[in-house]
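Below: one structure, written as structure tokens.
The values are calculated or read from the model by the stated rules, or taken from the named source; none is laboratory data. Worth saying up front: this structure is predicted, and the values here are computed from it rather than measured. Backbone-built Cβ (ideal geometry, glycine too); neighbour counts: all protein chains shown. Heavy atoms of the whole protein, side chains included, go into the accessibility calculation; ligands, DNA and RNA do not. Shrake-Rupley method; radii C 1.70, N 1.55, O 1.52, S 1.80 Å.
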Amino acid sequence: MALLQISEPGQSTAPHEHRLAVGIDLGTTNSLVATVRSGTAETLADEQGHHTLPSIVHYLPDGGCKVGHEARSAATEDPQNTIVSVKRMMGRGLDDIRATGHKLPYEFVQTDSAVPRIKTAAGEFSAVEISADILKVLKQRAEASLGGELKGVVITVPAYFDDAQRQSTKDAATLAGLNVMRLLNEPTAAAVAYGLDHGAEGIHVIYDLGGGTFDVSILRLHKGVFEVLATAGDSALGGDDLDKAVVDWIMQQAGIADDVGHHQMRRLMRDANTAKEALTESDSTEITLELDDGTHWQGNLTREQFNELVDPLIKKTLAPCRRTIRDAGITLDEISEVVMVGGSTRVPRVREKVGEFFNTQPLVDIDPDKVVAIGAGIQADILAGNKPDDELLLLDVLPLSLGLETMGGLMEKVINRNTPIPVSRAQDFTTFKDGQTAMAIHVIQGERELIDDNRSLARFELRGIPAMVAGAARIRVTYQVDADGLLSVSAREETSGVESSIQVKPSYGLTDEEITDMLKASMSHAQEDVDARGLREKQVEADRVLEAINSAVAEDGAALLSDAERSVIDAAISKLKQTREGTDSRAIKQAIDELDKATADYAERRMDASINKAMAGHKIEEFEN
Amino acid sequence: MQVDFSQNHYQIFALPVSFEIDLDALAQRYRELQRAVHPDKFASGTDQERRIAVQRTAQVNEAYDTLKQPLHRARYLLQLNGININDETDTTVDMEFLMEQMEMREKLAEIKTKDDPEGALFDLSQVIQKHSNVIVDALRTQFASISPENLELARESVRKLQFMTKLQQEAAQLDEELAELM
């Protein structure tokens with residue numbers, strides 16, 4: 001028999017046009033957008049030539065908002081309507097937000113859902129909507145700069161973001177009208193930009209201290225494969241906290257009371273930030289402060305004093321460093337390089353302490369502000385299919401363990417932290433009482449033993465379990481985490497086959513209905529717009545499915561399909577072709593699902609054929625044994 | 001030959017079924033498999049392709065984890081030979097081993113009261129590691145020639161290795177607590 005040729009899966013044989021794709025670094029303090037143009041990754045500037053967009057949104061009485069540099073001055077003048085560092089509120093409840101110790105000038109409104117909203121002159125907004133307003137500006141900038149509609153984006157998130165924070169970020173992108181190809185962990189993005197640029201190999205540590213988050217990741221770089229071995233961090237620790245330490249010092253020195261007003265607080269934060277930045281270059285800095293009563297206070301902060309103020313915070317970053325080394329199962333001397341990322345790594349004391357800890361000179365020669373966006377831009381270009389032969393492959397891990405609540409309020413881990421993703425794992429549970437017909441499943445994320453010390457992600461119920469004696473039922477709970485680090489959970493009673501499953505919508509996230517409502521509200525002719533958009537999306541999806549199946553069948557249909565299977569597929573293809581020409585989006589969806597079903601086995605066979613091909617060179621060894 | 005994901009983790013990696021394993025080859029093939037199945041390779045593919053890619057990658061990850069860790073690998077080999085170990089009920093009755101376990105546990109519990117808790121914990125971790133290595137060596141011999149007697153011995157080794165692994169995890173947990181206290 002002649003050998004059949006099989007091409008890479010997902011790779012079309014026909015050449016295609018360049019698809020516009022960007023990487024977005026949605027930061028606590030600043031955001032950036034980057035793309036690959038003529039083979040080079042670069043960040044995109046606005047019309048005034050600014051690359052960074054301050055992550056600040058100022059809401060106006062006319063219902064509109066200003067974002068970025070335009071909103072910056074309003075931060076001190078109109079603090080209640082100017083939202084800064086919104087990233088710290090993503091996927092968080094009101095109690096979590098208040099527990100961070102930062103005094104916030106906003107008026108929070110508690111709604112029916114667990115998601116807190118901020119009352120502004122333009123209306124009440126959640127952190128997701130505020131983030132979407134930042135993303136919209138970046139989207140416009142990218143589309144104006146690249147001259148076309150974006151096909152997809154890669155958005156970076158702190159590696160240590162939990163499921164609720166990741167889901168919220170994805171929701172914000174949906175709300176901004178972006179197609180998210182991937183959520184990418186910030187240190188991994190930085191490693192891509194750094195590693196490709198330097199042709200790096202071996203074990204690398206990425207120490208990423210940003211405006212409001214801290215991550216440390218250990219990666220093994222090997223011929224284009226970036227394999228994350230372990231990650232740890234603190235999703236509420238960053239440059240903001242260094243500023244806060246300086247603010248506390250100023251308040252103490254100047255005798256400012258704790259119940260200082262919001263205007264004064266924002267001015268203090270601004271002055272502390274200026275002082276911190278000045279101390280990067282000089283040994284001491286003057287601080288002049290205008291107090292609420294019109295008088296002035298003047299003080300001098302030396303670098304030595306500043307170091308003392310921030311040392312406890314830097315120390316807080318070293319415990320996660322120790323943990324990643326242990327989890328990665330490596331020793332210090334195996335590390336090739338330590339790469340510093342994030343604006344806060346400009347602080348000399350941070351560099352010094354990190355260097356001491358890893359016993360090496362950390363690398364600071366890359367722009368710590370842009371590197372994450374650049375890495376995301378490179379990944380976006382590849383995911384969009386613009387570089388089909390590229391070797392780059394990113395293998396990431398789950399940052400925090402996932403589990404569920406068992407008797408006594410204890411956490412039973414189902415997937416441990418630092419497990420490579422995607423991952424799917426099942427665990428069996430049983431009933432506690434005789435005749436129990438329902439079971440509440442409480443999905444938890446975190447490392448602690450007591451559920452109250454961890455994050456509650458979602459609750460759902462499995463009902464209709466046949467009545468049995470306690471301990472007789474067998475409930476299999478399956479956790480699946482995708483490449484974005486997002487979880488879905490299903491539960492099934494094995495003896496009866498009763499099933500229940502949810503896409504985990506975190507307790508502090510928005511429901512699908514809420515997102516649809518928000519999308520509608522943002523369009524002028526709500527219902528028609530949503531319908532037209534829905535139809536167009538379904539038609540695009542239909543075209544993609546048709547193109548994929550046609551090229552697949554052309555490649556290996558003859559080898560992998562029987563005549564009977566072939567005719568079932570052909571029938572489903574012509575059905576979809578016909579429906580696609582109409583305007584009934586539901587019918588198109590149904591025809592796609594039918595074709596999906598008809599090709600399910602075939603698609604698996606193709607995937608396995610490509611696996612066999614990947615392993616083909618190794619088969620000989622098996623026969624020897 | 002067709003890869004059958006439901007049957008054998010070794011087959012996925014084209015490696016011989018054995019307790020002895022070439023970890024470099026395993027890591028290398030893991031990367032090659034990821035190149036073929038990872039969902040990012042199907043980012044512009046259909047939902048169906050992406051769904052299958054997520055499942056396959058999860059299976060590859062599972063298989064890799066099983067073969068990489070000596071304890072998981074040993075359990076898996078027993079399973080392939082028809083022996084399933086139940087975590088809750090399957091425990092060793094070797095009194096001498098259990099006494100040693102108790103002693104090590106007591107030492108672990110006392111670490112916080114020591115003058116140099118981190119040093120003491122490091123020493124204890126080393127002791128646990130040494131014990132584990134001895135058990136892994138025994139598993140090598142037991143799996144080298146498969147017989148009902150050797151499989152029974154391997155089962156006993158796995159039970160013991162589970163104890164040691166649990167202990168090592170608790171030591172790591174304590175190390176984290178100590179680091180946070182600093």
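Details
- Per-region count, region A:71-99, residues buried (at least 18 other Cβ atoms within 10 Å of the Cβ) and not in a helix (DSSP H, G or I): 9
- All strands (runs of 3 or more DSSP E) inside region A:101-205 with 1 or more residues being more than 30 Å from A:VAL260 (Cα to Cα): A:152-157, A:180-185
- All of B:ALA74, B:ALA25, B:ALA14, B:ALA43 fail the test of being of a type in the set (A, V, I, L, M), farther than 22 Å from A:ALA483 by Cβ and at pLDDT below 90, apart from B:ALA14.
- Candidate set: region B:48-86, residues that are within 13 Å of chain A (Cβ to nearest Cβ) and small (Gly, Ala, Ser); chosen: the one nearest to A:ALA614 (Cα to Cα): B:ALA53
- Exclusive hit being within 14 Å of chain B (Cβ to nearest Cβ), modelled with pLDDT of 90 or more and in contact with a helix residue (DSSP H, G or I) (Cβ under 7 Å, 6 or more places away or on another chain), set A:ALA572, A:ALA552, A:ALA603: A:ALA572
- Entry remark, region B:19-41: residues being within 8 Å of chain A (Cβ to nearest Cβ) and either part of a loop (DSSP other than H, G, I, E, B) or charged (D, E, K, R) (or both) number 7 in total.
- The number of residues in region A:219-260 that are basic (Lys, Arg) and open to solvent by less than 10 Å² (accessible area, probe 1.4 Å) comes to 0.
Each row is one residue, and each column tells you yes or no for (1) at pLDDT below 95; (2) away from every other protein chain (no Cβ under 14 Å); (3) assigned to a helix (DSSP H, G or I).
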{"residue": "A:ASP369", "(1), (2), (3)": "yes, yes, no"}
{"residue": "A:ILE374", "(1), (2), (3)": "no, yes, yes"}
{"residue": "A:GLY377", "(1), (2), (3)": "no, yes, yes"}
{"residue": "A:ILE382", "(1), (2), (3)": "yes, no, yes"}
{"residue": "A:PRO388", "(1), (2), (3)": "yes, no, no"}
{"residue": "A:GLU391", "(1), (2), (3)": "yes, no, no"}
{"residue": "A:VAL414", "(1), (2), (3)": "yes, no, no"}
{"residue": "A:PHE432", "(1), (2), (3)": "yes, yes, no"}
{"residue": "A:MET439", "(1), (2), (3)": "yes, yes, no"}
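- Of residues in region A:165-181 being charged (D, E, K, R) and farther than 13 Å from A:ILE24 by Cβ, the one nearest to the chain's Cα centre (by Cα): A:ARG166
- Set B:GLN126, B:GLN59, B:GLN55: member being in contact with a Phe, Trp or Tyr (Cβ under 7 Å, 6 or more places away or on another chain), closer than 29 Å to A:LEU398 by Cα and not aromatic (Phe, Trp, Tyr): B:GLN59
- Looking across region A:544-564, the residues that are surrounded by 13 or more Cβ atoms within 10 Å (Cβ to Cβ) and farther than 14 Å from A:ARG606 by Cα come down to A:ARG544, A:VAL545, A:LEU546, A:GLU547.
- Residues (touching a residue at least 40 places away in the same chain (Cβ under 8 Å) and hydroxyl-bearing (Ser, Thr, Tyr)) located in region A:323-377: A:THR324, A:SER336, A:SER344, A:THR345
- Residues (surrounded by fewer than 23 Cβ atoms within 10 Å (Cβ to Cβ) and among the β-branched types (Val, Ile, Thr)) located in region A:161-183: A:THR174, A:VAL180
- Which listed residue is of a type in the set (Gly, Ala, Ser), within 13 Å of chain B (Cβ to nearest Cβ) and more than 21 Å from A:ASN418 (Cβ to Cβ), from A:GLY224, A:GLY212, A:GLY199: A:GLY224
- Count of residues meeting criterion [in a helix (DSSP H, G or I), touching a strand residue (DSSP E or B) at 6+ places or on another chain (Cβ under 8 Å) and among the acidic types (Asp, Glu)] in region A:309-365: 2
- A:PRO116 under 27 Å from A:TYR160 (Cβ atoms) and within 23 Å of the chain's Cα centre (by Cα): yes
- Scope region B:129-154; condition open to solvent by less than 80 Å² (accessible area, probe 1.4 Å) and within 14 Å of B:PHE97 (Cβ to Cβ); matching residues: B:HIS131, B:SER132, B:ILE135, B:ALA138
- Unmet requirement for A:GLU337, which otherwise passes all of (1) at pLDDT 90 or above; (2) within 14 Å of chain B (Cβ to nearest Cβ): (2)
Let's see how each residue does on (1) more than 11 Å from chain B (Cβ to nearest Cβ); (2) open to solvent by less than 30 Å² (accessible area, probe 1.4 Å):
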position: A:THR406; (1), (2): yes, no
position: A:THR419; (1), (2): no, yes
position: A:SER424; (1), (2): no, no
position: A:GLY435; (1), (2): yes, no
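- B:ALA179 being small (Gly, Ala, Ser), under 30 Å from A:THR317 (Cβ atoms) and within 14 Å of chain A (Cβ to nearest Cβ): yes
- Yes/no for A:ILE130 being modelled with pLDDT of 95 or more and either surrounded by 18 or more Cβ atoms within 10 Å (Cβ to Cβ) or closer than 30 Å to A:ARG544 by Cα (or both): yes
- Some residue of region B:150-158 being over 22 Å from the mean Cα position of the chain (by Cα), among the aliphatic types (A, V, I, L, M) and away from chain A (no Cβ under 14 Å): no
- Qualifying residues in region B:52-109 (those that are part of a loop (DSSP other than H, G, I, E, B) and free of Cβ contacts under 8 Å to residues at least 40 places away in the same chain) - the one surrounded by the most Cβ atoms within 10 Å (Cβ to Cβ): B:GLN69
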